[in-house]
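Notes to accompany the following structure.
Rule-based calculations on the coordinates, nothing more; no lab input. Predicted, not measured: the structure shown is a model, and the values here were computed from it. Cβ sites come from the backbone with ideal geometry, for glycine too, and all protein chains shown count toward neighbours.
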Amino acid sequence: MKEINLNVEGMECTGCENRIKNAVKTISGVNEVEANHETGVVKVKVEDNVNKEEIEEKINSIGFDVKGEIN
């Protein structure tokens, strides 16, 4: 399992966090999602076969802006 940490713009409240968590959890291989609107960070624990681009596309598709990965 690996963890992907993304910088996401547009999260303004816990409702935004929940929208992101619910959307990302629909991706096969995603085990856990944390989103924090105060820091703008989304942490995703995934199986090794899940790629970062798929997660980014899902978040972008619901109206948020992924600015890149945080190491």
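Excluding Asn5 itself, what net charge comes from residues whose Cβ is under 13 Å from its Cβ, given Lys and Arg +1 and Asp and Glu -1?
My count for the surroundings of Asn5 gives 0.
Please sort by residue number the GluC sites (Glu not before Pro) in the stretch 26-60 whose DSSP state is loop and whose Cβ has at most 16 other Cβ atoms within 10 Å. Walk me through the intermediate numbers first.
On the way: sites: Glu32, Glu34, Glu38, Glu47, Glu53, Glu54, Glu56, Glu57; in loops: Glu38, Glu47.
Within the stretch 26-60, the qualifying GluC sites (Glu not before Pro) (loop, at most 16 other Cβ atoms within 10 Å) are Glu38, Glu47.
With axes computed from alpha carbons, what is the tilt in degrees of helix 52-61 against the longest principal axis of the chain, rounded to the nearest 10 within 0 to 90?
Value to nearest ten degrees: 30.
Under a point spin-label approximation (7 Å from Cα along Cα-to-Cβ), what is the Glu9-Ser28 distance to one decimal in nm?
Result for the modelled spin labels: 3.4 nm.
Roughly how tilted is helix 14-24, in degrees to the nearest 10 and between 0 and 90, from the longest Cα axis of the chain?
Taking the Cα atoms of the chain, the angle to 14-24 is about 20 degrees.
Relative to a virtual label point 7 Å from the Cα of Glu38 in the Cα→beta-carbon direction, which members of the stretch 7-28 show backbone nitrogen distances below 19 Å?
7-21
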